[in-house]
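Take a look at the structure below.
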Amino acid sequence: MKNICIIPARGGSKRIPRKNIKPFMGKPIIAYSIEAALQSGLFDEVMVSTDDEEIASIAKSYGAEIPFMRPKELSDDHTATIPVIAHAIGASVHDINEVEAVCCIYATAPFVQARYIQEAYQKLLTCKAQYCFSTTSFPFPIQRAIRLTKEDRVEMFSPENFAIRSQDLEEAYHDAGQFYWGTPEAWLEGKIIFAPHSSAVLLPRHLVQDIDTPEDWTRAEFMFKALVLS
């Protein structure tokens, strides 16, 4: 049985142009994901699913394989992750029965670490889950979230929690946006990830930063510098 890593990296990002290969602290940001996958020692194949020749060339230079080029119909702004991974499995795997698990690692995850990829893999197996992915805790109780109204006033989403102490509220978690282990069946059947058939590995908040906007990118660079200097 073998494990496969698939890194989705299309070429048409708009909010941060060429985001998947934009230099981040000295090297293309996709390099961090490829290197973490290789360092984990878990994968028989680390591949990048892309529609872009430049991304493919850079990915190869860091040790990834490009067994196919992703079709245009799976490369637009509205294509979700699960269909991309399912396509990659179908396009690259000759015998699905030989595959134990498939891990999707996002191309813009410079804080991803091999040890958490390894931990999630073990948890996927021991929990007999369909998926196991990276999560982190919210820094503030979500039960005390507020909204701004059209009248420029404030109201709570859950007013009944106003008088409850923060430490007495249930802790909440969110997707860390780094990696997702899954059984090949789960990916191919299109099962949703945030569901009871999934498990999760908890990451410290200082290793989590979603990168969707230029502001996110700048924040991530400051965080990375702080980690390097600590």
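Would you mind stating whether ILE96 is over 30 Å from HIS206 (Cα atoms) and either open to solvent by 20 Å² or more (accessible area, probe 1.4 Å) or of a type in the set (A, V, I, L, M) (or both)? Walk me through how you get there before you give the answer.
Values: over 30 Å from HIS206 (Cα atoms): yes; either open to solvent by 20 Å² or more (accessible area, probe 1.4 Å) or of a type in the set (A, V, I, L, M) (or both): yes.
Yes; evaluated as a whole, the condition is true for this residue.
Out of the stretch 8-56, which residues are among the polar types (S, T, N, Q) and either more than 23 Å from LEU207 (Cα to Cα) or surrounded by fewer than 20 Cβ atoms within 10 Å (Cβ to Cβ) (or both)?
Quick first cut of the stretch 8-56, residues among the polar types (S, T, N, Q) only: 13, 20, 33, 39-40, 49-50.
Of everything in the stretch 8-56, those that are among the polar types (S, T, N, Q) and either more than 23 Å from LEU207 (Cα to Cα) or surrounded by fewer than 20 Cβ atoms within 10 Å (Cβ to Cβ) (or both) turn out to be SER13, GLN39, SER49, THR50.
Within the stretch 126-158, how many residues are in contact with a Phe, Trp or Tyr (Cβ under 9 Å, 6 or more places away or on another chain), hydrophobic (A, V, I, L, M, F, W, C), touching a residue at least 24 places away in the same chain (Cβ under 8 Å) and open to solvent by 40 Å² or more (accessible area, probe 1.4 Å)?
Result for the stretch 126-158: 2.
Take residues that are under 22 Å from ILE82 (Cα atoms) and tell me which of the strands (runs of 3 or more DSSP E) falling wholly in the stretch 153-230 contain 1 or more.
On the way: elements: 154-156, 173-182, 198-202.
Correct list: 173-182, 198-202.
To keep it simple, each residue is scored yes or no on (1) within 17 Å of the chain's Cα centre (by Cα); (2) free of Cβ contacts under 8 Å to residues at least 24 places away in the same chain.
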residue	(1), (2)
SER61	no, yes
LYS72	no, yes
THR81	yes, no
ILE85	yes, no
GLY90	no, no
HIS94	no, yes
THR108	yes, no
ALA114	yes, no
ILE117	yes, no
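If you take the residues in the stretch 181-230 that are hydroxyl-bearing (Ser, Thr, Tyr) and more than 17 Å from THR136 (Cα to Cα), which one is surrounded by the most Cβ atoms within 10 Å (Cβ to Cβ)? Show your work before the answer.
Taking the stretch 181-230 and keeping what is hydroxyl-bearing (Ser, Thr, Tyr), we get 183, 198-199, 213, 218, 230.
Okay, now just the ones that are also more than 17 Å from THR136 (Cα to Cα), so 183, 213, 218, 230.
Numbers: THR183: 21, THR213: 11, THR218: 11, SER230: 6.
If we take residues in the stretch 181-230 being hydroxyl-bearing (Ser, Thr, Tyr) and more than 17 Å from THR136 (Cα to Cα), then THR183 is surrounded by the most Cβ atoms within 10 Å (Cβ to Cβ).
(1) at pLDDT 95 or above; (2) buried (at least 17 other Cβ atoms within 10 Å of the Cβ); (3) among the aliphatic types (A, V, I, L, M): which one isn't true of ALA114, the others all being true?
(2)
The values are calculated or read from the model by the stated rules, or taken from the named source; none is laboratory data. What you are looking at is a predicted structure, and each value in this text was computed from that prediction instead of being measured. Cβ atoms come from the backbone with ideal geometry, glycine included; neighbour counts cover every protein chain shown. We work out accessible area using only protein heavy atoms, side chains counted, and drop any ligands, DNA or RNA first. Shrake-Rupley method; radii C 1.70, N 1.55, O 1.52, S 1.80 Å.
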